[in-house]
Amino acid sequence: EPEVTQTPSHQVTQMGQEVILRCVPISNHLYFYWYRQILGQKVEFLVSFYNNEISEKSEIFDDQFSVERPDGSNFTLKIRSTKLEDSAMYFCASSWAINEKLFFGSGTQLSVL
Amino acid sequence: GESVGLHLPTLSVQEGDNSIINCAYSNSASDYFIWYKQESGKGPQFIIDIRSNMDKRQGQRVTVLLNKTVKHLSLQIAATQPGDSAVYFCAEINSGGGADGLTFGKGTHLIIQP
């Protein structure tokens, strides 16, 4: 069964450093998303991406965040200068059409020290 | 603001019993609902979905009920097994809204007692 894959599974970084989280969405899906989940809290929307541009973004997705689809298979989330409060599990998701069910990856646990 | 929420944070049931997890939503424009299961250290896993033109949908051991009148959603799991222990989230989509995917509720932790 096709699945969304994310790398790395864990990322530890120093405050102020840049991190790139990587995702390979399901191959025939057209919409890509990043969500995050702070420990013990609900999953929060960050950004959606379609046709090589951002479709929607939340208030969390400020100027420190960016997304990119550098080739036909990868979808990345970059945090330019990490803060302690960026520590969370980051989930990539994809869907074949807008507002259809999302399939999630297993997440990248980001720890900012 | 409008949100999706869950009634109980933790639900404990005996193995083999049926469980019911409830969810209230307040956005009357939401017309598509999904239940996800999240095991520790993993991403949300799709369980079952339902659109607003239906009030019941069944899967394998799971049933979702939608009551649009009171804006209530429930997930019934029959004959629970140890592998059903997880956090369950309801999520909603307004199909006529933007491309911001899902709004998640806070989650109910289902514990299956042996």
Next on the checklist: Which entries of A:K78/B:K68; A:K57/B:K68; A:K78/B:K37; A:K83/B:K68 have Cα-Cα distances beyond 32 Å here?
Outcome noted: A:K78/B:K68; A:K83/B:K68
Checklist outcome for this item: For B:I34, B:I93, ascending order of other Cβ atoms within 10 Å (fewest first) is B:I34, B:I93
Next on the checklist: Please compute, for the alpha-carbon atoms of chain B, the extent along each of the three principal axes and give them in descending order in Å.
Outcome noted: 44, 28, 22
Next on the checklist: What's the whole-number percent of alpha carbon pairs in segment A:28-74 lying beyond 12 angstrom?
Outcome noted: 65 percent
Item to check | Relative intensity, log₁₀ I(q)/I(0), of segment A:30-113 from a Debye sum that treats every alpha carbon as a point, q = 0.26 Å⁻¹ | outcome: -1.52
Item to check | B:L11 long-range amide H proximity, modeled H, under 5 Å | outcome: B:H109, B:L110, B:I111
Checklist outcome for this item: Under the 7 Å Cα-to-Cβ spin-label approximation, A:E1 and A:V24 lie apart by a distance in nanometres of 1.9 nm
Next on the checklist: Relative contact order of chain B, please, whole-number percent, based on alpha carbon pairs below 8 angstrom and at least 6 residues apart.
Outcome noted: 37 percent
Checklist outcome for this item: Taking the dipole of the protein assembly as shown about the Cα centre (Lys, Arg +1; Asp, Glu -1; charges at Cβ), the one of A:L21, A:Q37, B:I47 that reaches farthest to the positive side is B:I47
Next on the checklist: With only alpha-carbon atoms in the gyration tensor, what are the semi-axes of the equivalent ellipsoid for the protein assembly as shown, in Å, largest first?
Outcome noted: 30, 20, 16
Item to check | Average other protein chain Cβ within 10 Å of Cβ, residues B:67-73 | outcome: 0
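Values in this text are rule-based calculations from the coordinates and carry no lab data. Computed from a prediction, not measured in an experiment: that's the story for all the values here. Here the Cβ is made from the backbone with ideal geometry for all residues, glycine too, and neighbour counts use every protein chain on show.
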